[in-house]
Amino acid sequence: MATDTAPSLSEQYLLDKDGKSDVGSKPVDLSKEESAEEAPTAAIEVKTEEPAAAQESTGTTPAAAEESIETTPAASSESTEAAPASSEENNETAEEEKSGEGETSEEKPEIKLETAPADFRFPTTNQTRHCFTRYIEYHRCVAAKGEGAPECDKFAKYYRALCPGEWVERWNEQRENGTFPGPL
Amino acid sequence: MKFLEWLFLTISPCDAAEPWQLGSQDGATPMMQGIIDLHHDIFFFLILILVFVLRILVRALWHFHYQKNPIPQRIVHGTTIEILRTIFPSLIPMFIAIPSFALLYSMDEVVVDPAITIKAIGHQWYRTYEYSDYNSSDEQSLTFDSYMIPEDDLELGQSRLLEVDNRVIVPAKTHLRIIVTSADVLHSWAVPSLGVKCDAVPGRLNQISIWVQREGVFYGQCSEICGTNHAFTQAVSRKDYGSRVSNQLIPQTEEA
């Protein structure tokens, strides 16, 4: 897909709105981190932007902060091949940070606004097959690449964003019982 | 004091329906602004036509009188006027159709990649909302039920049949994808000031894209007859969406 390498349209849009809404500022910075090759400068950017929170996080749990700095260069180097996968990793590291920090992370949003992109196979209001296709794509990807392959994480993210939890549970059960009605 | 409370607290919800309301609620999305503009544009021509037709009608009734005009005119044929009154009225709907279709198709266009997906699942009689963009497994997602507050529990200033216990929180000025579906019968997710009405069909996912322009509390109700307690939802748009959601997510990640 074309959206894999370039920032998605919503991200581009958020770049313009950067100054006005603090919702937009966070994901934009993360996308900058991905695009920029030097991770240290990116880390400095984050610190300068919200110094109090950053200092707190380094003060309480230096291990978590170091972890994030260490993981970002790896992700940015990977981002040339597969941007969604690296962003997925970034998200995971962010979540790890959160669970590690606990009380400090409550003060500033640590969330990247990102969801399944618009898919031009499904340009209509009816998105039922979009969800189903993404679910199948994920499980075919896992079948091909093996469990926990980083390439498949984006499909997991997409189907989780699109499908109701109830449906996913039902399909998981059906797969276990071997009654899933789709090409896996 | 009591009077002031009554005056301000009853008027304050600007994005809810008010008593004896004639027009639409204030629009909060480009979609709703488009709808309101189209309505006003069409209404201008509608009133012109209304005045013209009423004039003809009243004039005809006025002059058709046994004393003033004992012998009525007996015109049964007029080619020119027949052509005119056939062609012209058929052109008017065509001119109305142009902006109308433009708006209609722009409303369900999937133009940009959304930043957030929110799933609204209809039940009898509540809504379940799922925010699952931040999941790392199938189980943990930010899910909550939104029930309407019953009439007896309402506090002063809250709107009857509109207030809910858990509001949906969305960020302003962000492209949102709302996936609407149902778990039992037909419902419809509708918020008038957002210009949104989407049927919730069991087994089908309907998508609507919205872009909320300002912060506020936006009220809506189920728009499909779905049973006795057929009223539902409310959406709130806020700037601090990120911190809200991460605050909600942290307890979950700690539990998991």
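The values are calculated or read from the model by the stated rules, or taken from the named source; none is laboratory data. Being a predicted model, the structure only gives us computed values, none of them experimental. Backbone-built Cβ (ideal geometry, glycine too); neighbour counts: all protein chains shown. Just the protein is used for accessible areas: all its heavy atoms, side chains included, with ligands, DNA and RNA removed. Shrake-Rupley method; radii C 1.70, N 1.55, O 1.52, S 1.80 Å.
Before moving on, here are some points about what is shown:
- Members of segment A:140-166 found to be open to solvent by less than 30 Å² (accessible area, probe 1.4 Å) and within 14 Å of another protein chain (Cβ to nearest Cβ), listed by number: A:VAL142, A:CYS152, A:ALA156, A:LYS157, A:TYR158, A:TYR159, A:ALA161, A:LEU162, A:CYS163, A:PRO164, A:GLY165
- In this entry, B:SER100 is excluded by the filter for residues that are hydroxyl-bearing (Ser, Thr, Tyr), open to solvent by 60 Å² or more (accessible area, probe 1.4 Å) and under 18 Å from B:GLN33 (Cβ atoms).
- Single residue of B:GLY203, B:GLY195 found to be open to solvent by less than 60 Å² (accessible area, probe 1.4 Å), more than 22 Å from B:THR143 (Cβ to Cβ) and at pLDDT 80 or above: B:GLY195
- Any hit, segment B:209-216, residues being within 10 Å of another protein chain (Cβ to nearest Cβ), closer than 20 Å to A:ASN126 by Cβ and in contact (Cβ under 8 Å) with a residue 12 or more places away in the chain: yes
- Annotation: A:TYR158 fulfils all but one of (1) closer than 25 Å to B:THR128 by Cβ; (2) among the aromatic types (Phe, Trp, Tyr); (3) more than 17 Å from the chain's Cα centre (by Cα); the unmet one is (3).
- Here A:GLU176 meets the list (1) open to solvent by 20 Å² or more (accessible area, probe 1.4 Å); (2) closer than 22 Å to B:TYR134 by Cβ almost entirely, failing just condition (2).
- Odd one out for B:THR143, checked against (1) touching a residue at least 40 places away in the same chain (Cβ under 8 Å); (2) under 16 Å from B:TYR129 (Cα atoms); (3) open to solvent by 10 Å² or more (accessible area, probe 1.4 Å); (4) of a type outside the set (Phe, Trp, Tyr): (1)
- Considering (1) open to solvent by 60 Å² or more (accessible area, probe 1.4 Å); (2) without any contact (Cβ under 8 Å) to a residue 60 or more places away in the chain; (3) facing another protein chain (nearest Cβ under 10 Å), the lone condition that B:ASP108 does not fulfil carries the number (2).
- B:LEU54 vs. criteria over 30 Å from B:LEU205 (Cβ atoms), modelled with pLDDT of 95 or more and surrounded by 10 or more Cβ atoms within 10 Å (Cβ to Cβ): yes
- Number of positions in segment B:177-189 that are crowded, with 23+ Cβ neighbours inside 10 Å and either within 12 Å of another protein chain (Cβ to nearest Cβ) or more than 18 Å from the chain's Cα centre (by Cα) (or both): 6
- Residue count, segment A:167-184 (criterion: aromatic (Phe, Trp, Tyr) and either more than 10 Å from every other protein chain (Cβ to nearest Cβ) or in a loop (DSSP other than H, G, I, E, B) (or both)): 1
- Residue check, B:THR174 within 9 Å of chain A (Cβ to nearest Cβ), under 24 Å from B:ALA28 (Cα atoms) and among the hydroxyl-bearing types (Ser, Thr, Tyr): yes
- Total residues in segment A:124-139, condition loosely packed, with under 15 Cβ neighbours inside 10 Å and away from every other protein chain (no Cβ under 14 Å): 0
- Failed item in (1) assigned to a loop (DSSP other than H, G, I, E, B); (2) open to solvent by 100 Å² or more (accessible area, probe 1.4 Å), with B:ASP15 passing the rest: (2)
- Where B:SER132 falls short, out of the listed (1) away from chain A (no Cβ under 14 Å); (2) in contact with a Gly (Cβ under 8 Å, 6 or more places away or on another chain): (1)
- Some residue of segment B:150-163 being in a strand (DSSP E or B), surrounded by 14 or more Cβ atoms within 10 Å (Cβ to Cβ) and aliphatic (A, V, I, L, M): no
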